[in-house]
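Right, one structure below, let's go through it.
The values are calculated or read from the model by the stated rules, or taken from the named source; none is laboratory data. Bear in mind the structure is a predicted one, so any value in this text is a computation, not a measurement. Backbone-built Cβ (ideal geometry, glycine too); neighbour counts: all protein chains shown. Areas reflect the complete protein model, heavy atoms only, side chains present, ligands, DNA and RNA absent. Shrake-Rupley method; radii C 1.70, N 1.55, O 1.52, S 1.80 Å.
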Amino acid sequence: MSTTTTRDTTRPAPAEVPRAGRRRRVRSSTLNFWIFTGPFLAGLVIFVYIPIGWSAYLSFFEARYTVTPDKFIGFDNYELMLTSGDFTGSLVTFTVFAAIIVPVTWALSLGLALMVHRLRFLKAFFRSVFFLPTACSFVAASLIWKMSIFSGVRFGLMNTVLGWFGVENTAWLADPNPPWYWLVIVTVRLWLQAGFYMILFLAALQNIPPVLYEAAAIDGARPGWQTFRHITLPQLRATSTAVILLLLVAAYQAFDEFFNLLAKSTWGRPPLVELYYTALGEDQDYGAGSAGAVILTLLICMVTLLQGRFLGFGKGDDAR
Amino acid sequence: MSAPSSSTWDRRSVLRAAAGLAALGPLASCGGNTGREGGGSSGKGLVQYFHAYGEAGTQEAIKRYAKAYDKARVTTQWITGNNFESKLFSSLLTDNAPDVFEFHPQLQLIKSGQVAPLDDILGPVKDDFNPADITSHTVDGKVYGVRMIDDPQFFFYRKSILEKAGVGVPQTLDELAEAAGRLTTDKVKGLFIGNNMVSTNYALVWAAGADQLDDKNEIAYHTDDVAAALKVYRKMFTSGHLLLDAPADYWDPSALVQGLTAIQWCGMWAMPVMQKALGDDLGIFPFPAAASGAEPAVYNGGWSMFVNAKGKNVDLAKEYVKWLWIDQKKYQEDWALSYGFHIPPRQSIAASATELKSGLPAEGVKLFTDYGRFDNISWTQAMITALDEVIANAVRKGTDPEKALDTADAKVNRELKKLFG
């Protein structure tokens, strides 16, 4: 017997009908809420929150070759990560990498978008051609860059081209002085991702109302730099902000090209690569690796809060 | 019809709930492909891990041996890429860990109870093994791991190129550096010691009269002679006489075969391919002495079979290792001699190996016995990485060798403290 039937006898019928209906609707929408979000939340808890919690737990233990340690060592892992220089060095590496790759990709993808936007013929063709590298995997591209384009032998593509001008063979990746490896790392990422951001800019460019350009022309703005500086660029502000944030996130997640291009080095290791070597790679020190991950998580939280304050991203429409 | 329609458990919501559960289904099946083919009717399954050998036919050979075993279905994971250690170590922590795997003797695997002692299966044939191969796998009187192959590593050179340049076989590290310079032309580099230059680490330390660790398991590699040898390396690195960033690394014979270099550090395994390509235009010599009074050095690497002590079928895994790597001498001989050249650790097999009895292979065996030194089981992966970083810092980056060695000391001491207290 269901509860509704008992209630029917105790309460006046006319008032009860709509109320019971609403209650049922509320209850079933609650159920719907859990049905729809439940699997996702369960996944989030199982695959994100429990690992984060476990990682925090591991960071206080000596966890080598095990993820179920029993030797509590307090803040030793944190001390090691912060004083050994490898981890702090990796933060510097990331900063250098982001400082190069973010503005360069931004400028190149915007430049490509502007050029493709002005095309009268073959627009779709060039759009596709520039976008295609996005479909290539970072690992495959890294190997092509390493073994054929920036190979250190005399028949490597770059060395062949430079050889025509009498330049000696360069070991692009082996020798960190001068740091040519940055050229290899930056160009491979540039080739892979510029096309994607070009599409974002292209969409934004097509959304700028033509009347703005007409009005500017009537007001005497010269076509070219002046129009670009005062009409196009301000109109692209929202897209630019989004692109810069996406680029920062992508730069932070960079792993494949560093891992595949630089082996057995002590330089050119952003935080994720460094932590991979510490925890999952050959060292298998899950305690120290987790301590690094916790420090990194705290840093990301701080940066996210700060960018929310300065860029106003995530605050809602009234912020801009 | 009356009561159910007013309950929350009506037909629709039950269906919805069922659909929700069904949506969770795929999550549960994540990671279902373990490479294990389940129990089945034909008995239990075992999983074995091998790194990808470069020689043609090796993968087929390992799978052929496994198939011939009739007490269990053995699945082979052939791990490609240059980070076999990482993949092995991280998989050992999971439920999909291999039951048997090939690796090198390393103390931390034993201290953490990861590998099982194999005295019971090795006992009867212990005397047939090269004594050094037993010593390098022994901790506190127990033997862990069955050696499959011994792989001496030394220098290979093109006789014709050295003759043409009037360069003799280098007897000291300084002579090697000088030879590299004189052999370098605009087409050919003088010397190839690997793209990362870490594969000669042990030989460099030994040839400088030092060792990784001493008898008391304390640091022994940090000497003035090692620092001086590192300076010679740095000089070679900056002079442009070394082949760097080659498409294939030191373990592959192609740099020498394709004429990219005159001298290459490589292993005995590549000898058949080199001989086939170069004929008689091929010679070998050990890592030359790098300090006065020191001996030349050859690194006797190799691979051994280990049993995962935390696996589900430890006894069956032991049975399999005994069957293949102790009982089946035909397969052991095939594995050591039919693809690349390796020195069989079983003396009875080595004695009948006609391929290694004459010519260049015999010279390789002589270097193996005269100058070869084996792995030190107390020298573990974290220490290997620390010494690799010395090369990265002191040779490639240009840090002062003393400082680079100090950095390594801190890491090695941390590891030693954890292993020995």
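Table for the structure above
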| read-out | value |
| --- | --- |
| Carbon + sulfur, % of accessible area of the protein assembly as shown - ligands and nucleic acids excluded, 1.4 Å | 60 percent |
| Computed helical MRE - 222 nm, the protein assembly as shown, DSSP H runs ≥ 4 contributing -39500 (n - 2.57), nearest 500 | -15500 deg cm²/dmol |
| Other-chain or far-sequence residues with amide H under 5 Å of B:Lys44's (modelled H) | B:Arg73 |
| Where A meets B: accessible area buried, both sides, 1.4 Å probe, Å² | 3900 Å² |
| Whole-Hz ³J(HN,Hα) from phi, Karplus 6.51 cos²θ - 1.76 cosθ + 1.60, for region A:265-282, glycine and proline x | 10, 10, 10, x, 10, x, x, 5, 5, 4, 5, 4, 5, 5, 9, 9, x, 6 |
| Net length gained if the chain between B:Asp127 and B:Asp334 were fully extended (0.36 nm per residue, minus Cα distance) | 72.4 nm |
| Under Karplus coefficients 6.51, -1.76 and 1.60, residue-wise ³J(HN,Hα) of region B:199-209 in Hz, glycine/proline x | 6, 9, 3, 5, 4, 4, 5, 5, 5, 8, x |
| Cα-based reach from B:Lys330 at 23 Å (exclusive), listing lysines while leaving out same-chain residues under 8 positions away | B:Lys63, B:Lys67, B:Lys71, B:Lys126, B:Lys318, B:Lys322, B:Lys357 |
| Estimated vicinal HN-Hα couplings, Hz - region A:118-126 in sequence order (Karplus 6.51, -1.76, 1.60; Gly, Pro = x) | 8, 5, 9, 10, 6, 4, 4, 4, 5 |
| Value of D in µm² per second that Stokes-Einstein yields for region A:210-320, Kirkwood Rh from Cα pairs, at 20 °C (1.002 mPa s) | 120 µm²/s |
| Distance in nm between pseudo-label sites at B:Glu355 and B:Asp140 (7 Å out along the Cβ direction from Cα) | 4.0 nm |
| Residues listed by number, region A:268-282, amide nitrogen under 17 Å from A:Leu298 label point at 7 Å toward C-beta | none |
| Packing-based ranking, highest mean first, of B:300-309, B:50-59, B:95-104 given that Cβ atoms within 10 Å are counted | B:300-309, B:95-104, B:50-59 |
| Chain B - percent relative contact order, Cα under 8 Å, separation 6 or more | 22 percent |
| FRET efficiency, 1/(1 + (r/R0)^6) with R0 41 Å, evaluated for B:Lys403 and B:Val188 via beta carbons | 0.75 |
| Rounded if a/c under 1.5, otherwise prolate or oblate - the protein assembly as shown, Cα gyration tensor axes | oblate |
| Rg/Rg_ref, region A:84-319, where Rg_ref = 2.2 N^0.38 Å and atoms are Cα | 1.20 |
| Residue-span extension gain [A:Ala135 to A:Ala203] - 0.36 nm each, minus C-alpha spacing | 22.6 nm |
| In nm, spacing of pseudo-spin labels at A:Ser148 and A:Ile73 (7 Å Cα→C-beta vector) | 4.6 nm |
| Contact order relative to length of region B:226-373, as percent, for alpha carbon pairs under 8 angstrom and 6 or more apart | 23 percent |
| Net lengthening on full extension, A:Gln226/A:Phe310 (0.36 nm per residue, minus Cα-Cα) | 27.5 nm |
